[in-house]
Amino acid sequence: MLDADFFRRWLTAAAARVDREADRLTELDSAIGDADHGTNMQRGFTAVIAVLDKEAPQTPGAVLTLAGRQLISTVGGASGPLYGTLLRRTGKALGDDAEVTPGQLADALRTGVAAVAQLGGATAGDKTMLDALEPAVEALGDSTDSFAAAREAAEAGALATVPLQARKGRASYLGERSIGHQDPGATSSALLIAALAEAAEVAG
Amino acid sequence: MLDADFFRRWLTAAAARVDREADRLTELDSAIGDADHGTNMQRGFTAVIAVLDKEAPQTPGAVLTLAGRQLISTVGGASGPLYGTLLRRTGKALGDDAEVTPGQLADALRTGVAAVAQLGGATAGDKTMLDALEPAVEALGDSTDSFAAAREAAEAGALATVPLQARKGRASYLGERSIGHQDPGATSSALLIAALAEAAEVAG
Amino acid sequence: MLINVPETVVADALRGMAAAHPELSVDVENRVIVRRDAPVAGKVGLVSGGGSGHEPLHGGFVGPGMLAAACPGEVFTSPVPDQMVRAAAAVDSGEGVLFIVKNYTGDVLNFDMAAELAEDEGVRLAKVLVNDDVAVTDSLYTAGRRGTGATLFVEKIAGAAAEEGAPLERVESIARQVNENSRSFGVALSASTTPAKGSPTFDLPSGELELGIGIHGEPGRERRPMMTSREIADFAVNAVLEDLPPTSPVIVLVNGMGATPLLELYGFNAEVQRVLSERRVPVVRTLVGNYVTSLDMAGCSVTLCQVDEELLRLWDAPVETAALRWGR
Amino acid sequence: MLINVPETVVADALRGMAAAHPELSVDVENRVIVRRDAPVAGKVGLVSGGGSGHEPLHGGFVGPGMLAAACPGEVFTSPVPDQMVRAAAAVDSGEGVLFIVKNYTGDVLNFDMAAELAEDEGVRLAKVLVNDDVAVTDSLYTAGRRGTGATLFVEKIAGAAAEEGAPLERVESIARQVNENSRSFGVALSASTTPAKGSPTFDLPSGELELGIGIHGEPGRERRPMMTSREIADFAVNAVLEDLPPTSPVIVLVNGMGATPLLELYGFNAEVQRVLSERRVPVVRTLVGNYVTSLDMAGCSVTLCQVDEELLRLWDAPVETAALRWGR
Ligand SMILES: Nc1ncnc2c1ncn2[C@@H]1O[C@H](COP(=O)(O)OP(=O)(O)O)[C@@H](O)[C@H]1O
Ligand SMILES: Nc1ncnc2c1ncn2[C@@H]1O[C@H](COP(=O)(O)OP(=O)(O)O)[C@@H](O)[C@H]1O
Ligand SMILES: [Mg+2]
Ligand SMILES: [Mg+2]
Ligand SMILES: [Mg+2]
Ligand SMILES: [Mg+2]
């Protein structure tokens, strides 16, 4: 079972990864976007950790909902509302339970990812975060063992954005010139899923 | 004896040298000034040649006076009024004679150079065109043979500006940082004197 | 860069704006710039915003006759919904609020979220998207046309209508009309440097230029060897006219991206006017300057806005902001 | 660069200015920009000018309440006397003409020659030198202090006096007083590129800056490792205050050299205001923007102008030019 602490660990691991990889995310965004994805994610996750510390939500759902709201209120850009919606809708789907099963989390994350797709109007292959998120949630199953598979899937999905031409977000303005670069949002999504797997490993 | 044609040849040779060396003059001015001396001189001497062609003045004095007025009306900057005054006052000093002796020219040029010193308030050693002009007119004598000596003196004078600290013109704002660079105006003055020697050589 | 640290760039700028413009009420903490007399009774409030780095857009356009409030985000990052919610509350006199949103995914999403929240709080809201950039043509396969120079026209002209007391529906329809009548094309001669990245956002050798750029430091649609002012004017104006053949006179905005000297912009304007006159497009007004910028990018954009008598009258109406100011 | 060829840069810009500003009468061939209603009966005419590349100075300051005419030279090259003679003739209503001359050898010599010629033609002439730059201290061994940001103050405040109908002697003495009350200090974060040279006029590695620069792309007095906005403000404001300890409130000009984003300039203004408040110097007005530029140089300058009530009243008086516009 996954309790509020697990979700806190997940987001803490995510924040650490974002910190480590911020320059790389910005570099990727500089090739096909506006060179802010790293700082956006860093600002957002720093604020998430701070608000979680301050408000200390007690259920998985509350942790994710609060984190999502904080991202929306802190990040801006495309990734703020999208990641904010991802966490908020996932959190809402988890309800008020003090503990959730990996399978419940998988279902909730599928709801969250669907909300992202609806909000942004993107589908798989558009060269966005969905190209990492969708395969990741596909790979999630009933046990935390599946988290590692989700990580693999997300990473593969992020890598697979390289040959794609962007059809959503800023990168789409580049037309064919967007081909040959990895999507920054798909890359940060892979970080978040990797952090999930990391949290599960620690949890053992 | 030197007639109007000689003076036309002088200024034509000067214009050609200025054309050839314009980039270098600008480069020198870029180090301790505002990177326009080459274009200033080029614009000025192009206009001088055009107006001499058009108005075809018939005496040495008229050639130089017209050329000086044209420089004043075309160049701007510090060098426009200064070189304009040099030629205009030299021309005026030559009077209306159809031909003048090298000695008369030497005297007239000394008058012209004195007018430059008075107008700009500079003296030898201030790292200006005067550092080339003054030794040059010192070296001028009664025969055209002295023109070559004037050329040497002007060139030496221009070179000798390198270690000086500028006390007049834009370069003076740099203080000690003006040391180590050759003064652009002294360099262009050496070109003008070299053109004088060249005109005399052709005249034989 | 003339900054302290990247993290405080926007807050520092807002403090500096507050000091320079006592006629504005600048909430540095919450990042909202509001005209001091807001809400103005009987008048619709215009709210715009977007990433910082495009100054004077939008904060420089707050004041009588133009915006009631502006919400600056981080550099090149759209603002968060909380800002627009706060701005809407500050400027709503009961006559409603118009959100003017440049068409970028981030701006659209954040303004949409804000609109939902503000409506929940009882504000009557309308929203207009600005999407004038003809460089982005295949909009089926993109996030759609970007909002660039036309933003100034929409904010000025709709702002004049609001100042006159036009109702929300009318202000909105005028804003929409201005957007539909406007087209832009932009060119970069150098990339811009964001404070966070600290180096140019893309690599542009000095003998080349980018055609069809946006205002976020992103590369353009195509790279070419350097062109003359004349060639760029031909290319840009024709791109605009091809997309929207003019049926009425135009207002011209010759806009600098930030680092192109005004001397060059005016020279470019001469070429733009030449093309327009060759193409027999009557020009009624021309504005030249750095208005919708991309930090320290060198380059320019041309925006044409077709106007009828009413839109021209509203363009000429008094405006009193930090960056645009005329009339009485 | 956004140009055709270096040779036509100034003429192209003047054509573009003419197209954008029907309220100005622009003589492209003779390079004189005159307010359209000149000569204005009963009013002294202010004429200024200097090298191009400092736009909006001076052409952008021509209009009611400021300059009657401006004479742009080639880039960074002072204009020729013919231009000022023509301008003086165009603006002289019989009340006389004031030449406002930035203190550079070229400007001084050319304006002096023009003054002689114009006086020969019967114009009553006065002349004021602007020399506000505190970076050039040892003026015995230099061409004297340069004229920089204070030019804007002199032109605006003396222009207001002229607009009110003050006689030549009074306009001249006000101009002189404003100059004496003003000091500037400038900093470059990058060199500028002139059209003729086509490359930066000096080499400034990106981690360094130049302190005490002028506005002609020349290097400064000293090179240092990059400083923060806060450190630069401390240095610049203190340099100014040391030279002219204030005895009355100041108007502040935070001026961009051309390529520094307005976002950064406003942030810098916050630091300038902090220093002034720490030093207990009362600030009555602040202007932030690119007004006295050096082509595409990145950097800024601070100018302080001490004012009494009369000078402040004249500063606030209406002005209607391309680049400065307020009041009614
Ligand atoms: N419509 C969309 N749907 C899903 N993801 C999107 C969409 N638009 C952009 N993104 C994602 O957002 C990322 C960019 O985020 P960021 O750089 O923070 O915001 P911005 O593009 O506003 O600067 C892209 O790499 C992409 O993965
Ligand atoms: N006061 C002066 N007296 C004599 N020569 C001067 C004076 N000031 C400047 N010069 C000369 O003028 C040259 C610069 O000319 P130029 O670059 O054309 O004008 P500007 O300095 O106005 O840009 C200097 O190199 C110097 O030789
Ligand atoms: Mg981005
Ligand atoms: Mg020079
Ligand atoms: Mg962004
Ligand atoms: Mg010069």
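The values are calculated or read from the model by the stated rules, or taken from the named source; none is laboratory data. All values reported here derive from a predicted model rather than from experimental measurement. No Cβ is skipped: glycine too gets one built from the backbone with ideal geometry, and neighbour counts run over all protein chains shown.
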Checklist entry - Counting just the residues of the stretch B:42-84 that are outside any helix (DSSP H, G or I), without any contact (Cβ under 8 Å) to a residue 40 or more places away in the chain and over 19 Å from B:Leu2 (Cβ atoms), which one comes out nearest to ligand 5 (Cβ to nearest atom)? => result B:Gly76
Checklist entry - Within the group C:Val10, C:Val34, C:Val28, C:Val80, which residue is within 13 Å of chain D (Cβ to nearest Cβ) and in contact with a Ser or Thr (Cβ under 7 Å, 6 or more places away or on another chain)? => result C:Val10
Checklist entry - Taking the stated definitions as given, is A:Gly44 crowded, with 24+ Cβ neighbours inside 10 Å, in contact with a Leu (Cβ under 6 Å, 6 or more places away or on another chain), within 14 Å of chain C (Cβ to nearest Cβ) and within 20 Å of A:Gly76 (Cα to Cα)? => result yes
Next on the checklist: I need the full set of residues from the stretch C:93-110 which are surrounded by 24 or more Cβ atoms within 10 Å (Cβ to Cβ), of a type outside the set (Phe, Trp, Tyr) and away from chain A (no Cβ under 14 Å), in order please.
Outcome noted: C:Val97, C:Leu98, C:Ile100
Checklist entry - Can you tell me which of B:Gly120, B:Gly80 is within 16 Å of ligand 4 (Cβ to nearest atom) and closer than 18 Å to D:Leu117 by Cα? => result B:Gly80
Checklist outcome for this item: Scanning the stretch C:195-211 for residues that are under 23 Å from A:Gly175 (Cα atoms) and within 8 Å of another protein chain (Cβ to nearest Cβ) gives C:Thr201, C:Phe202
Next on the checklist: So if I check each of B:Ala156, B:Ala148, B:Ala122, which one is surrounded by fewer than 23 Cβ atoms within 10 Å (Cβ to Cβ), among the aliphatic types (A, V, I, L, M) and in contact (Cβ under 8 Å) with a residue 40 or more places away in the chain?
Outcome noted: B:Ala148
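Conditions tested, residue by residue: (1) part of a loop (DSSP other than H, G, I, E, B); (2) crowded, with 24+ Cβ neighbours inside 10 Å; (3) away from chain D (no Cβ under 14 Å).
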| site | (1), (2), (3) |
| --- | --- |
| C:Pro39 | yes, no, yes |
| C:Glu55 | yes, yes, no |
| C:Gly60 | no, yes, no |
| C:Pro64 | yes, no, no |
| C:Cys71 | no, yes, yes |
| C:Ala89 | no, no, yes |
| C:Asp112 | no, no, yes |
Next on the checklist: Tell me the residue from C:Ser294, C:Ser248, C:Ser229, C:Ser277 that is over 27 Å from C:Gly51 (Cα atoms), hydroxyl-bearing (Ser, Thr, Tyr) and in contact (Cβ under 8 Å) with a residue 60 or more places away in the chain, please.
Outcome noted: C:Ser248
Checklist entry - Being touching an Asp or Glu at 6+ places or on another chain (Cβ under 6 Å) and more than 14 Å from chain B (Cβ to nearest Cβ), is that true of even one residue in the stretch D:131-145? => result no
Checklist outcome for this item: How many residues of the stretch C:220-257 are in a helix (DSSP H, G or I) and either basic (Lys, Arg) or over 23 Å from D:Thr8 (Cα atoms) (or both)? The answer is 7
Next on the checklist: Looking for something in contact (Cβ under 8 Å) with a residue 60 or more places away in the chain, surrounded by 24 or more Cβ atoms within 10 Å (Cβ to Cβ) and not basic (Lys, Arg) - is there at least one such residue anywhere in the stretch B:103-118?
Outcome noted: yes
Checklist entry - Quick one: C:Asn110 ticks every box in (1) within 15 Å of ligand 5 (Cβ to nearest atom); (2) touching a strand residue (DSSP E or B) at 6+ places or on another chain (Cβ under 7 Å) bar one, so which box is it? => result (2)
Checklist entry - Which ones in the stretch C:146-184 are within 14 Å of another protein chain (Cβ to nearest Cβ) and not in a loop (DSSP other than H, G, I, E, B)? => result C:Ser184
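Could you check, for the stretch A:136-144, whether at least one of its residues is within 16 Å of ligand 3 (Cβ to nearest atom) and either among the polar types (S, T, N, Q) or touching a Lys or Arg at 6+ places or on another chain (Cβ under 9 Å) (or both)?
Scanning the stretch A:136-144, I find no residue that is within 16 Å of ligand 3 (Cβ to nearest atom) and either among the polar types (S, T, N, Q) or touching a Lys or Arg at 6+ places or on another chain (Cβ under 9 Å) (or both), so the answer is no.
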Checklist entry - Within the stretch B:78-100, can one find any residue that is within 15 Å of ligand 2 (Cβ to nearest atom) and polar (S, T, N, Q)? => result yes
Checklist entry - Quick one: which of D:Pro225, D:Pro219, D:Pro245 is more than 9 Å from every other protein chain (Cβ to nearest Cβ) and modelled with pLDDT under 95? => result D:Pro245
Checklist outcome for this item: The condition of being surrounded by fewer than 17 Cβ atoms within 10 Å (Cβ to Cβ) and among the acidic types (Asp, Glu) holds, among C:Asp203, C:Asp234, C:Asp296, only for C:Asp203
Checklist entry - Out of all the residues in the stretch B:64-74, is one or more out of contact with any strand residue (DSSP E or B) (no Cβ under 9 Å at 6 or more places or on another chain), at the interface with chain D (Cβ under 9 Å from one of its Cβ atoms) and away from ligand 6 (no atom under 16 Å from the Cβ)? => result yes
Next on the checklist: I need a count of the residues in the stretch B:13-35 that are within 18 Å of B:Val75 (Cα to Cα) and within 13 Å of the chain's Cα centre (by Cα).
Outcome noted: 4
Next on the checklist: Let me confirm something: among A:Ala31, A:Ala35, which residue is at pLDDT below 95, within 16 Å of ligand 1 (Cβ to nearest atom) and in a helix (DSSP H, G or I)?
Outcome noted: A:Ala31
Next on the checklist: With the requirement that a residue be within 14 Å of chain C (Cβ to nearest Cβ) and buried (at least 24 other Cβ atoms within 10 Å of the Cβ), what does the stretch A:47-63 give you?
Outcome noted: A:Val48
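The rows are residues; the columns are (1) among the aliphatic types (A, V, I, L, M); (2) surrounded by fewer than 24 Cβ atoms within 10 Å (Cβ to Cβ); (3) more than 8 Å from chain C (Cβ to nearest Cβ); (4) assigned to a helix (DSSP H, G or I).
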{"residue": "D:Arg15", "(1), (2), (3), (4)": "no, yes, no, yes"}
{"residue": "D:Ala19", "(1), (2), (3), (4)": "yes, yes, no, yes"}
{"residue": "D:Pro22", "(1), (2), (3), (4)": "no, yes, yes, no"}
{"residue": "D:Gly50", "(1), (2), (3), (4)": "no, no, yes, no"}
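Answer yes or no as to whether B:Leu133 is part of a helix (DSSP H, G or I), more than 14 Å from chain D (Cβ to nearest Cβ), away from ligand 4 (no atom under 16 Å from the Cβ) and touching a residue at least 24 places away in the same chain (Cβ under 8 Å).
So B:Leu133 fits the description; yes.
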Checklist outcome for this item: Here the residues within the stretch B:156-184 that are within 11 Å of ligand 2 (Cβ to nearest atom) and in contact with a strand residue (DSSP E or B) (Cβ under 9 Å, 6 or more places away or on another chain) are B:Tyr173
Checklist entry - Quick one: which of D:Met84, D:Met66 is over 30 Å from B:Lys168 (Cβ atoms) and touching a helix residue (DSSP H, G or I) at 6+ places or on another chain (Cβ under 8 Å)? => result D:Met66
Checklist outcome for this item: Within the stretch C:24-37, the residues that are of a type outside the set (Lys, Arg) and not in a loop (DSSP other than H, G, I, E, B) are C:Leu24, C:Ser25, C:Val26, C:Asp27, C:Val32, C:Ile33, C:Val34
